[in-house]
Amino acid sequence: DYVVVKMIPDNRLPPRHLHSVHTGKTFAVIKWESPYDSPDQDMLYAVAVKDLVRKTDKIYKVKTRNSTVEYTIKKLEPGGKYHVIVQLGNMSKESSVKIGTVPLSAPDALKIITENDHILLFWKSLALKESNFNESRGYEIHMFDSLLNITAYLGNTTENFFKVSNLKIGHNYSFTVQARCLYSGQMCGEPATLLYDELGTGEDSSASKTDRPTDVAAIVVPVLFLLLVTLGIGFVVLYMRHRRLQNSFTAFANSHYSSRLGSAIFSSGDDLGDEDDEAPMITGFSDDVPMVIA
């Protein structure tokens with residue numbers, strides 16, 4: 001024997017398994033399941049979105065018969081914090097979840113230009129890649145002194161540059177630039193960070209380790225090449241001089257060679273003079289002395 005029992009749906013139960021599926025800068029996708037399996041009629045849900053920063057509320061209505069419901073909340077603000085409540089339209093028990101949207105990106109190409117008594121920070125406009133950013137919102141700049149372990153707020157600007165003065169010699173600084181925080185610093189953009197050493201040169205922390213070896217190589221390689229060329233020219237000059245001296249000495253020695261004595265004869269400095277006047281005239285050759293022509 002058996003009996004079939006049909007349970008009476010309890011519309012006072014809350015939605016089940018409410019959670020966030022995906023969040024962007026201006027939207028969030030949430031998902032939940034119906035209070036009971038396989039609803040036999042359309043169910044009306046109330047989705048309340050409370051802005052924890054602005055202290056405002058919005059209510060959306062969702063009508064569906066599906067057991068699993070996926071809903072996209074739009075028109076949110078980047079970097080915002082929200083409390084989402086889902087319940088049936090008859091004000092039954094509720095399910096809630098807290099979500100946060102993705103903040104604005106960090107400014108690109110943050111650079112430092114050093115002047116005589118100050119530095120200038122430069123960066124690209126966020127409006128080039130963030131359609132949700134308005135230049136009137138501006139940017140705010142912070143500075144961290146690693147020697148004193150102090151972070152200071154330098155100010156804000158609507159331009160793409162900022163002047164920093166009164167830096168101390170021997171101190172290392174880190175500068176951050178981000179979209180200006182709204183509502184008491186609760187909605188901020190991602191910061192772009194740049195290191196500035198005591199020598200007055202700005203460095204990006206991700207590129208500081210690769211730029212210096214390249215600069216050193218660019219100086220050392222030409223110097224070594226010039227040294228090698230100079231040494232090569234020097235060896236060639238010395239070799240040519242050696243060959244010329246050797247040839248000159250050989251010709252000089254052959255011109256003073258005496259075949260009768262079998263050696264070269266060199267006169268002293270006192271005998272130097274007009275050799276054509278003092279040398280005896282050669283009248284002939286002996287048959288037993290061979291003629292040698294140098």
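The values are calculated or read from the model by the stated rules, or taken from the named source; none is laboratory data. Keep in mind that this is a model prediction, so the values were computed, not measured. All Cβ positions, glycine included, derive from the backbone under ideal geometry; neighbour counts span all protein chains shown. Calculation scope for accessible area: heavy atoms of the full protein, side chains included, ligands and nucleic acids excluded. Shrake-Rupley method; radii C 1.70, N 1.55, O 1.52, S 1.80 Å.
Atom-type composition of the exposed protein surface of region 1-114 places 52 percent of the accessible area on carbon and sulfur (1.4 angstrom probe).
Based on C-alpha pairs under 8 angstrom that are at least 6 apart in sequence, region 106-194 has a relative contact order of 32 percent. Taking 10 °C and 1.306 mPa s as conditions, region 1-144 diffuses translationally at an estimated 85 µm²/s according to Stokes-Einstein applied to its Kirkwood radius (Cα pairs). Listed by chain and number, the lysines placed with their C-alpha closer than 27 angstrom to that of residue 129 are 25, 74, 75, 81, 111, 163; residues fewer than eight positions away on the same chain are left out.
About the centre of its Cα atoms, region 14-98 shows a dipole size close to 460 debye [charges on the beta carbon of Lys, Arg (+1) and Asp, Glu (-1) only; nearest 20 debye]. Share of carbon and sulfur in the accessible area of region 118-161 stands at 55%, probe radius 1.4 Å.
Mean separation of Cα pairs under 8 Å and 6 or more residues apart, divided by the residue count, gives region 14-98 a relative contact order of 37 percent.
For region 142-148, the Karplus equation 6.51 cos²θ - 1.76 cosθ + 1.60, evaluated at θ = phi - 60°, returns couplings of 10, 9, 10, 9, 5, 6, 8 Hz by residue, with Gly and Pro reported as x.
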